[in-house]
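The values are calculated or read from the model by the stated rules, or taken from the named source; none is laboratory data. This structure is a prediction, so every number in the text was calculated from the model and none was measured. Because the Cβ atoms are built from the backbone with ideal geometry, glycine has one as well, and the counts that use them run over all protein chains shown. Note: areas computed on protein heavy atoms with side chains; ligands, DNA, RNA excluded. Shrake-Rupley method; radii C 1.70, N 1.55, O 1.52, S 1.80 Å.
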Amino acid sequence: MATLRLVLVGLICVVPGLLTGCGNSEFETATGTVTFDGQPVANGDILFQPADPQYGPDAGKIIDGKFTVPVRPGSRKVVIRAVRMVPGKKGPMGEDAHEDYIPANYNDKTTLTADVQPGSKNDFTFPLTSK
């Protein structure tokens, strides 16, 4: 459910800018890798939150530890979330249970930052740990 919310937030924030003609000229491409305890994050979400509340976050998917996201330039807080199946555990409707496994200091209480620069490579590496 948290993943769906992040995707919807990303669509709400990115699509209006594209529809109103803002185009990609005010965005830079942020790329990079995300690992958790040394392993690529298989499937997750990444958000780049601006300090200015006038703008919403820029969001994208993490797939096999890699991401590519259009981001407005500037200093950003970075939020990373991912879920995984819990072997042998079932949810209330009998479905396979999932858990958020990325610690809060990388999402709800994030300590991650990125400085997205115009005309730069903007390649970031986020080596997350469970400790």
Could you identify the single residue in Ile46, Ile63 that is of a type in the set (A, V, I, L, M), open to solvent by 70 Å² or more (accessible area, probe 1.4 Å) and modelled with pLDDT of 95 or more?
Ile63
Where residues in segment 49-60 are open to solvent by less than 50 Å² (accessible area, probe 1.4 Å) and part of a loop (DSSP other than H, G, I, E, B), which of them is modelled with the lowest pLDDT?
Gly56
Write out, first by first residue and then by second, each pair whose Cβ atoms fall under 8 Å of each other, whose residues are 6+ apart or on separate chains, and whose first residue, in segment 78-95, is among the basic types (Lys, Arg) while the second is modelled with pLDDT under 75.
Arg81/Ala2; Arg81/Thr3; Arg81/Leu6
Search segment 100-121 for residues that are under 17 Å from Phe48 (Cβ atoms) and pair each with any residue that is in a helix (DSSP H, G or I) when their beta-carbon atoms are under 8 Å apart and the residues are at least 6 apart or on different chains.
Thr111/Asn105; Leu112/Tyr106
Looking across segment 98-112 at residues that are among the charged types (D, E, K, R) and assigned to a loop (DSSP other than H, G, I, E, B), the single one that is least open to solvent (accessible area, probe 1.4 Å) is Asp108
What are the residue pairs meeting all of these: first residue in segment 54-68, first residue of a type outside the set (A, V, I, L, M, F, W, C), second residue at pLDDT 95 or above and open to solvent by 100 Å² or more (accessible area, probe 1.4 Å), Cβ atoms under 8 Å, and 6 or more apart or on different chains?
Gly65/Gln39
Matching residues in segment 78-97 (among the hydrophobic types (A, V, I, L, M, F, W, C), farther than 24 Å from Gly56 by Cβ and part of a strand (DSSP E or B)) number 3
